[in-house]
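Colleague: So that we are looking at the same thing, I have put the structure below in structure tokens.
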Amino acid sequence: MNWKTRITDLLNITYPIIQGGLAHLAYADLAAAVSNAGGLGQITAMSLPNPEALQKEIQKVKQMTDRPFGVNFAIGQHGRLYEQMVEVAIAEKVPAISVTGGNPKGVLDMVKEHPIKKLVLVAARRQAEKAEKLGADAVMVVGQEGGGHLGRADTGTIVLTPQVADHVSIPVVASGGIIDGKGLMAALSLGAEGVELGTRFIATKECVHAHETYKQAILDADEHATVIIKKTLGTPARALRNSWTDQILQLEAEGKAFEELREYIDGHANKQYIHKGNADSGFGWAGQGAAGIQDIPSVQDLIHSMISEAEEIRNKWSL
Ligand SMILES: Cc1cc2nc3c(=O)[nH]c(=O)nc-3n(C[C@H](O)[C@H](O)[C@H](O)COP(=O)(O)O)c2cc1C
């Protein structure tokens, strides 16, 4: 089957599958594995301490693959450090960037004159229309099933994707809850031309920074296993439910402000769980799709099984 879409053309990849930015998890090993398997792998800039570290990580990816890859910028919480990080991405001539967590204008303006493909994450139709006007080459629509930070409107992927696809002319990538070939075919049916996966890529062999406890929790997850925290702060995000997220939700219910929640929701608490496996003293982001994840394959095997499942579905319905 031919997997050519405007997303594969734009990014020069074989399959319309993008690995989402994954804070403190998406480094060179994972990104290169996804790109080598025919998708677009990404490293997450803001998980790295400084621009020099980003430059090294980009160079590492280049040594591990000659395929296109991307660098993800979550610009919200890091002051203006991201600008220096973007300068590094430009100097290293990375094939693609993705932007989330705030107004993408600054980043899009910085890379405008460079041959870098610009993907913007959105969670609402109006954000998508704005991203298109600002010069994005594609938008990635994240529905509320997804892991990590979400839109404020609780809109699911199945509603959001066609809402956006019908109102922008640039290609759309669907994200949130997609873990397999079924999700890929559903996304294409909804008007998307590619998919972005986050949680599914954590449970792979090449996601070497994810602790076994975290991966096992994803395997053990059922449809009740995730919760949305930080809603009261205006920055909702989906995590695996554990005693730590129960405490966060309790504090939120008591009306606690950011300062009182900070130590529960910061990068340190996140790393306690995802790097060290201390599930009682930290949290790990994951999407509802975790309920359908049963194995820890190599990235290559995962992408192959997604594609063959999608092809089986297509053949079934074309009879
Ligand atoms: C552990 C984790 C960390 C994430 N960190 C980032 C990030 O740094 N930047 C970003 O743009 N998105 C981030 N996301 C969101 C993903 O890129 C992606 O949009 C989301 O995981 C899609 O939903 P899914 O998990 O159901 O596949 C993160 C998601 C997870 C699960």
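Colleague: Across the range 91-128, which residue is nearest to the ligand (Cβ to nearest atom) among those that are acidic (Asp, Glu) and either surrounded by 17 or more Cβ atoms within 10 Å (Cβ to Cβ) or assigned to a loop (DSSP other than H, G, I, E, B) (or both)?
Modeller: My answer is Glu92.
Colleague: Of the residues that sit in the range 186-229 and are among the hydroxyl-bearing types (Ser, Thr, Tyr) and either outside any helix (DSSP H, G or I) or crowded, with 24+ Cβ neighbours inside 10 Å (or both), which one is nearest to the chain's Cα centre (by Cα)? Outline the logic, then answer.
Modeller: Quick first cut of the range 186-229, residues among the hydroxyl-bearing types (Ser, Thr, Tyr) only: 189, 199, 204, 213-214, 226.
Of the ones still in play, those that are also either outside any helix (DSSP H, G or I) or crowded, with 24+ Cβ neighbours inside 10 Å (or both) are 199, 204, 214, 226.
Numbers: Thr199: 8, Thr204: 15, Tyr214: 17, Thr226: 17 Å.
Across the range 186-229, the extreme among qualifying residues is Thr199.
Colleague: Moving on to the next point. Regarding His114, is this residue in contact with a Pro (Cβ under 8 Å, 6 or more places away or on another chain) and under 24 Å from Met85 (Cα atoms)? First the steps, then the outcome.
Modeller: Working: in contact with a Pro (Cβ under 8 Å, 6 or more places away or on another chain): no; under 24 Å from Met85 (Cα atoms): yes.
It is false that His114 is in contact with a Pro (Cβ under 8 Å, 6 or more places away or on another chain) and under 24 Å from Met85 (Cα atoms).
Colleague: Just for the range 1-34: of the residues that are small (Gly, Ala, Ser) and surrounded by fewer than 23 Cβ atoms within 10 Å (Cβ to Cβ), which one is nearest to Pro68 (Cα to Cα)?
Modeller: Ala28
Colleague: Residues of the range 1-40 being touching a residue at least 60 places away in the same chain (Cβ under 8 Å) and in a strand (DSSP E or B), which ones?
Modeller: Passing the criteria: Ile17, Ile18, Gln19.
Colleague: I'm told Gln294 meets every condition in (1) closer than 26 Å to Gln144 by Cβ; (2) more than 14 Å from the ligand (Cβ to nearest atom); (3) surrounded by 13 or more Cβ atoms within 10 Å (Cβ to Cβ) except one. Can you identify the failing condition by its number?
Modeller: For Gln294, the exception is condition (3).
Colleague: Considering every residue within the range 70-90, establish whether at least one is away from the ligand (no atom under 13 Å from the Cβ) and under 21 Å from Thr5 (Cβ atoms).
Modeller: No, the conditions are met nowhere in the range 70-90.
Colleague: Can you pull out every residue in the range 275-319 that is among the small types (Gly, Ala, Ser) and assigned to a loop (DSSP other than H, G, I, E, B)?
Modeller: Scanning the range 275-319 gives Gly277, Ala279, Ser281, Gly282, Gly284, Ala286, Gly287, Ser298.
Colleague: Moving on. Filter the range 131-148 for residues that are within 8 Å of the ligand (Cβ to nearest atom) and charged (D, E, K, R) and give the result.
Modeller: Within the range 131-148, Glu145 is the sole residue that qualifies.
Colleague: Would you be able to tell me the number of residues in the range 151-172 that are hydrophobic (A, V, I, L, M, F, W, C), in a loop (DSSP other than H, G, I, E, B) and at pLDDT 95 or above?
Modeller: Let us first name the residues in the range 151-172 that are hydrophobic (A, V, I, L, M, F, W, C), namely 153, 158-160, 164-165, 168, 170, 172.
Pick out the ones that are also in a loop (DSSP other than H, G, I, E, B) and you get 153, 168, 170.
Narrowing further to those that are at pLDDT 95 or above: 168, 170.
Residues meeting the conditions: 2.
Residue by residue, here is whether (1) within 29 Å of Phe283 (Cα to Cα); (2) of a type outside the set (A, V, I, L, M) holds:
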| position | (1), (2) |
| --- | --- |
| Ser98 | yes, yes |
| Gly106 | no, yes |
| Ala124 | yes, no |
| Glu129 | no, yes |
| Gly147 | yes, yes |
| Val168 | no, no |
| Met185 | no, no |
| Ala192 | no, no |
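Colleague: Select from the range 149-189 the residues that are more than 11 Å from the ligand (Cβ to nearest atom) and among the β-branched types (Val, Ile, Thr) and list them in ascending order.
Modeller: Once the filter is applied, which keeps residues that are more than 11 Å from the ligand (Cβ to nearest atom) and among the β-branched types (Val, Ile, Thr), the range 149-189 yields Thr155, Ile158, Val159, Thr161, Val164, Val168, Ile170, Val172.
Colleague: Just to verify a result, which residue in the range 257-277, among those that are touching a residue at least 12 places away in the same chain (Cβ under 8 Å) and away from the ligand (no atom under 16 Å from the Cβ), is surrounded by the most Cβ atoms within 10 Å (Cβ to Cβ)?
Modeller: Tyr264
The values are calculated or read from the model by the stated rules, or taken from the named source; none is laboratory data. Owing to the predicted nature of the structure, the values given are computational and were not obtained by experimental measurement. Because the Cβ atoms are built from the backbone with ideal geometry, glycine has one as well, and the counts that use them run over all protein chains shown.
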